[in-house]
2 protein chains.
Amino acid sequence: MIITPAQPAHAISLRDLETPALLLDLDRLERNCARMRERAAALGVALRPHLKTAKSLDVARVAAGEPVRGATVSTLREAEYFARGGEREILYAAGIVPGKFAHAARIMRETGCDLLCITDSLDVARAAAAFAQRNAITLSFLIEIDSGEHRGGLLPGDPAIVALAKEIDAAEGLRLRGVMTHAGHSYGTDDLAEVRRIAGEERDAVVAAANAIRAAGMPCEIVSVGSSPTALHAEHLDGVTEIRAGIYMFWDLSQLSRHICREEEIAASVLASVIGHNVQGGSIILDAGALALSKDITANRFLPEAGYGFVCDAESGERLGDLAVATVHQEHGTVPVREARWFARLPVGSLVRVLPNHACITCAGYDAFNVLRGNAVVDRWERINGW
Amino acid sequence: MIITPAQPAHAISLRDLETPALLLDLDRLERNCARMRERAAALGVALRPHLKTAKSLDVARVAAGEPVRGATVSTLREAEYFARGGEREILYAAGIVPGKFAHAARIMRETGCDLLCITDSLDVARAAAAFAQRNAITLSFLIEIDSGEHRGGLLPGDPAIVALAKEIDAAEGLRLRGVMTHAGHSYGTDDLAEVRRIAGEERDAVVAAANAIRAAGMPCEIVSVGSSPTALHAEHLDGVTEIRAGIYMFWDLSQLSRHICREEEIAASVLASVIGHNVQGGSIILDAGALALSKDITANRFLPEAGYGFVCDAESGERLGDLAVATVHQEHGTVPVREARWFARLPVGSLVRVLPNHACITCAGYDAFNVLRGNAVVDRWERINGW
């Protein structure tokens, strides 16, 4: 449910939550989503939000609006959840394999949603054709292009792209919808000029692939790129039809460390309790550890002081000096304190917020977002996990 | 449900599981649990299994038997789950804070389970006494001792131990049950002689604290130590009444890297599909990434080649050369291959098992264990997560 700006009568306070708990600042989420929609509109492309970070229908509804079209997911469980929730076209952005065809078909049959699968493999395309014919369904495919990350996909210029397109286009039961790429290497730098260069590389790779397919006489309706950094910093996206991005909804210290967002835009955080003082050792112990924060330290390449997350005042969300979670055990987080005043400022039992190092991974520890307007908890939004 | 050794009629094969999926080898689990029970019996102490790794009533039942007594947990959600499942005495091994008293009281009232809380704080003890009197209940406490890890707890010899014991012992509504410590620093070495020394330090710290409390005229019934490495390598545990340990049920590459277990004892693994070949880049892509394996690389301090997990044959569980997951993204794991033969051996769509780097964190990504006898899936055991 989306909450209207006025604080409803049933709002509760942070004190009423049992810690650790996942918080989501609705004002920030709304601003972040509006900004990316404006950015997509300015670039003249559709925005297909990647919902792997949020995994929540309520968040998807905040992300919606012009020019948002369809959704992106990273698992079939997410695809099923969002299809049942009403999404009509979902791009499943991990290479599908034959063991997952039956699940994909079930999602499409039961919900009417069109699932766009991706592949870079002739073998998968052939197996998909056989499956589709056997089951009298149509499977839609995008061809995955490698624009420089070198994880999956075919390199632009590789004749295998046109060969794979022909295989899909000619197969009864398969439908060639286009090409896609993900410039994941845009996370590998904190230099925005380099991000801009990678955004150009991402665009050029996928546009070249689309042109090769069209030159061979086949359709290539969708030309899809995706990453929040390249979406924000591309000089232009001529020839691209859509951008996929997800972390822009929440932001985190990893994106902050790369100058992609500002600290006051980070919308997700973890509410934790101080559960101990180690006065001799100079540390404060939180009940947010490896499971509550995750062990992801992607930010630390460019922001080593991020630790497992910056510690903030629970009510205002403002940072508390340079406090950060330096060490985690399963359910314990240790915050070194150089000045004794912090023991008085943060007594045992007091609350803090921790900004996530990498929100995609931190959020996956939780079943729900506690939704905030200011410091009032105005709603609880369920989210899914697993496979 | 516990499966008898004979494979039941409803067993399915690994091919029937959608990947990624968590596997649990029941033969190995049973042997690991039996071995730790024998070890505790030989040391003359009770075994209070730590269930934070398993989070499963079915696994707890395999761990049960003489001299197992009660359970250990790391969250109140685990406490509630195991109390509702029939556990009669549960040690909640993270410092409790006033915001959690009501939940603890509710668990005890609704299930009849006695919850043993821990603290090292006079303020918490006083707040607990006030809460207990207000709510006409009894809260049981162990005092947390720092035996060298320097996370939480009072140092042995600190007069604050006896002062805190007196506060608890004298308070109406509180019951002083004993002392506990956790030698978490036993994970900081791969030298078994050093583990043995730490086990002595852990024992001596908590026995000294117990003796100080008794010398002041108070009871100290429970003297509790806990970590799988120190449980296996302590020379003796005279004066200790119980050991808490958990990872011994499953083992993992972190424990293997420290010579605490053998590879053929590792009971938990992740079933994954090969979803891509990057022939130019020399890598195989799996559908097991940061969420399916976790980003925990605790093993790598002593076993850097562990990456995010060793890759094994799906059916036999045997390692495939030196293949390991070197890089993870949210739903992708990248396995470098130096020899082209691996592409033929592991075609797109084929299955592998990945041994977890740190099983406590890997398992937390899953709702259930797929239970194996050999390579037949004989059951599905639910597990809980979150808080």
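The values are calculated or read from the model by the stated rules, or taken from the named source; none is laboratory data. Because the structure is predicted, anything quoted here is derived from the model rather than measured. Using ideal geometry, Cβ is built from the backbone for each residue, glycine included, and neighbour counts are taken over all protein chains shown. In case anyone asks, the SASA skips ligands and DNA or RNA and just uses the protein heavy atoms, side chains included. Shrake-Rupley method; radii C 1.70, N 1.55, O 1.52, S 1.80 Å.
The angle between the Cα long axis of helix B:101-111 and the longest principal axis of the Cα atoms of chain B comes to about 80 degrees, rounded to the nearest 10. For the protein assembly as shown, what Kirkwood radius comes out of the mean inverse Cα-Cα distance, in Å? One decimal place: 27.3 Å for the Kirkwood radius. In segment B:273-305, the residues that give up 40 Å² or more of accessible area when the other protein chains are added, compared with the chain on its own (1.4 Å probe), are B:ILE275, B:ASN278, B:GLN280, B:LEU291, B:LYS295.
Taking only protein heavy atoms and a 1.4 Å probe, the accessible area of segment A:181-333 is 50% carbon and sulfur.
Percent relative contact order of chain B, based on C-alpha pairs within less than 8 angstrom and at least six residues apart? Relative contact order comes out at 20 percent. Chains A and B together bury roughly 4200 Å² of accessible area, counting both sides, with a 1.4 Å probe on protein heavy atoms only. In segment A:91-159, the C-alpha radius of gyration followed by the widest Cα-Cα span (Dmax) gives 12.8, 39 angstrom.
Mind checking which of B:VAL223, B:VAL270, B:VAL124 has the largest fluctuation in a GNM of chain B, springs on alpha carbons under 10 Å? Maximum among the listed residues: B:VAL124.
Using equal-weight Cα scatterers in the Debye expression, the normalised intensity of segment A:232-387 in log10 at q = 0.13, 0.15, 0.19, 0.20 Å⁻¹ is -0.61, -0.80, -1.21, -1.31. The helix-based estimate of mean residue ellipticity at 222 nm for the protein assembly as shown, built from -39,500 (n - 2.57) per DSSP H run of four or more residues and divided by its residue count, is -9000 deg cm²/dmol to the nearest 500. Just checking the listed ones, A:SER147, A:SER228, A:SER273: in the Gaussian network model of chain A with Cα springs under 10 Å, the one fluctuating most is A:SER273. For segment A:1-151, the fraction of 1.4 Å probe accessible surface lying on carbon and sulfur atoms is 49 percent. Entry for segment A:146-262 at q = 0.09, 0.20 Å⁻¹: log10 I(q)/I(0) = -0.26, -1.00, Debye formula applied to identical alpha-carbon scatterers, no solvent contribution. Cα axis of helix A:192-215 to longest principal axis of chain A: angle in degrees, 0 to 90, nearest 10? With rounding to tens, the tilt is 20 degrees.
Comparing B:ALA368, B:ALA127, B:ALA199 in a Gaussian network model of chain B where C-alpha atoms under 10 Å apart are linked, the largest mean-square fluctuation is found at B:ALA127.
Around the Cα centre of the protein assembly as shown, unit charges on the Cβ atoms of Lys, Arg, Asp and Glu (plus for the first two, minus for the last two) sum to a dipole of about 920 debye.
Across segment B:88-230, the mean sequence separation of Cα contacts (distance under 8 Å, 6 or more residues apart), normalised by length, yields a relative contact order of 22 percent. Geometric descriptor of segment A:235-291, per residue, is 135 Å³ (volume of the convex hull of the Cα atoms). If the Kirkwood radius is taken over C-alpha pairs of segment A:1-101, then at 37 °C and 0.692 mPa s the Stokes-Einstein diffusion coefficient equals 212 µm²/s.
Three principal axis extents describe the C-alpha atoms of chain A; from largest down they are 72, 43, 36 Å.
Taking the C-alpha atoms only, the angle from helix B:160-170 to the longest principal axis of chain B is near 70 degrees. Both radii come from the Cα set of segment B:128-215: Rg as radius of gyration, Rh as Kirkwood radius; their ratio Rg/Rh reads 1.09. Using a loss threshold of 50 Å², tell me which positions in segment A:81-121 are less accessible in the complex than in their chain alone. Probe radius 1.4 Å, ligands and nucleic acids ignored. Residues shielded by partner chains are A:VAL97, A:LYS100.
Max-minus-min Cα coordinates of segment B:14-65 on each principal axis give 45, 19, 14 Å, with the largest extent listed first.
Normalising by residue count, segment B:47-144 has a Cα convex hull of 85 Å³ per residue. Between B:GLU331 and B:ALA290, the built amide H atoms are under 5 Å apart, and every one of these is 5 or more places off in sequence or on another chain.
Anything losing 40 Å² or more of accessible area from the isolated chain to the full protein assembly: pick those residues out of segment B:127-167, probe 1.4 Å, ligands and DNA/RNA ignored. Residues meeting the cut-off: B:ARG151. Counting Cα-Cα pairs of segment B:323-387 in 10 Å increments starting at 0 gives whole-percent bin shares of 15, 40, 34, 10, 1.
Heavy atoms of the protein chains alone define the surface here; on that basis the protein assembly as shown has 35 Å² accessible area per residue at 1.4 Å probe size.
Within the shell of other residues whose beta carbon sits under 9 angstrom from the beta carbon of A:ASP367, the net charge comes to 0, with Lys and Arg scored +1 and Asp and Glu -1. The charge dipole of chain B, taken about the Cα centre with unit charges on the Cβ atoms of Lys, Arg (+1) and Asp, Glu (-1), comes to about 500 debye, rounded to the nearest 20. Label-point spacing at A:SER316 relative to the other copies reads 6.3 nm, in ascending order, each point sitting 7 Å out from Cα along Cα→Cβ.
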